[in-house]
Amino acid sequence: MKKFILTTAISAIAAIGFTGAAFAGAGDSPTLQKIAERGYVSIGHRETSVPFSYIGDAEEPIGYSIDLCHNIVDAIKAELGNDNLTVKYVPVTGQTRIPLIANGSIDLECGSTTNNLTRQKQVSYLSTTFITGTKIASKVGSGITEIEDLAGKVLGVSAGTTNEKALKAAIAANNLDVKVVTLKDHSQGWLALDTDRIDAYGSDDVLLYGLISKSADTSAYQVTGRFLSFDPYAIMVPRNDSTFERLGRIVMSDLMRSGEMENIYNKWFSPGPTKINMPLSNRLRGAFDTQAYPH
């Protein structure tokens, strides 16, 4: 009997210790503490960033970045010892995504966001999950192949993106007479191109291919020109929360080391549900390999 009581007491102490350790992690992290208190993880998502983060047939966010974030949500549940945590989706745009992370309205931004040094003043990033750059989309037969061909034409860009900055810099550097129109998001930009309100739309090449893949006539559009920027994508997290950032980085490293990251990539890109058909490049594979940090 004494042995049974002693064993039970030890088990109870161990259980208390485990629970305490889990919530100690939350206590060290403002983000985890907030998630533990309210019972859900707030995920910021894009609505038309195909195939990273967009609205699927079931009217729910789906995509490459969304799948990666769900792996992080699973790690948060384990860290907090709460399998009942839910997910609250919050739609974001190029203009709202950084402020919503910075002010704590969302815990993770799971879209198609470039990691750069300027943005790191306001937010933090996890590992690089994609590498792209700015190019131009136009209708086939438009005569537009490079930035210089936009002279005297109208170019659309999504407001608050690195593409807007890169395209305006290229226009200024080449002293081109181009009217630049800023639009709310990619869906508005593509509609403007489709209805001939703009002559071209500038964005990351992968997003342009994604928009074309969702078009009624995929043969009507082209992506052309040299890269006008270097854009490594990563999931955004709150700044000044090293515990939460480390948790996310562990998840990313584990996915890269196990090969599961490549499986998730292939699910969405090779060829993917929208037939975007962008096999994993050697450059991105190298990025995965170098970020697969050991425990």
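The values are calculated or read from the model by the stated rules, or taken from the named source; none is laboratory data. Everything numeric in this text was worked out from a predicted model, so none of it was measured. Positions of Cβ are backbone-derived with ideal geometry, glycine not excepted, and every protein chain shown enters the neighbour counts.
Listed values, structure above:
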item: Candidates N277, N282, filtered to the one that is assigned by TED's automatic domain parsing to the domain that holds S49, out of contact with any Ser or Thr (no Cβ under 8 Å at 6 or more places or on another chain) and surrounded by fewer than 19 Cβ atoms within 10 Å (Cβ to Cβ); result: N282
item: Subset of region 146-163 [in contact (Cβ under 8 Å) with a residue 40 or more places away in the chain and crowded, with 18+ Cβ neighbours inside 10 Å]; result: I147, L150, L155, G156, V157, S158, G160, T161, T162, N163
item: Those strands (runs of 3 or more DSSP E) lying entirely in region 19-137 with at least 3 residues touching a Pro at 6+ places or on another chain (Cβ under 6 Å) and within 27 Å of Q291 (Cα to Cα); result: none
item: Qualifying residue in region 153-176 (condition: among the basic types (K, R), part of a strand (DSSP E or B) and touching a Lys or Arg at 6+ places or on another chain (Cβ under 9 Å)); result: no
item: Cross-chain or 6+ apart pairs with Cβ under 9 Å, region 280-295 first and closer than 13 Å to T132 by Cα, then assigned to a helix (DSSP H, G or I) and of a type in the set (S, T, N, Q); result: L280/N266
item: Among (1) without any contact (Cβ under 8 Å) to a residue 24 or more places away in the chain; (2) outside the structural domain of H45 (by TED's automatic domain parsing); (3) on the phi < 0 side of the Ramachandran plot, the one test that G143 misses; result: (3)
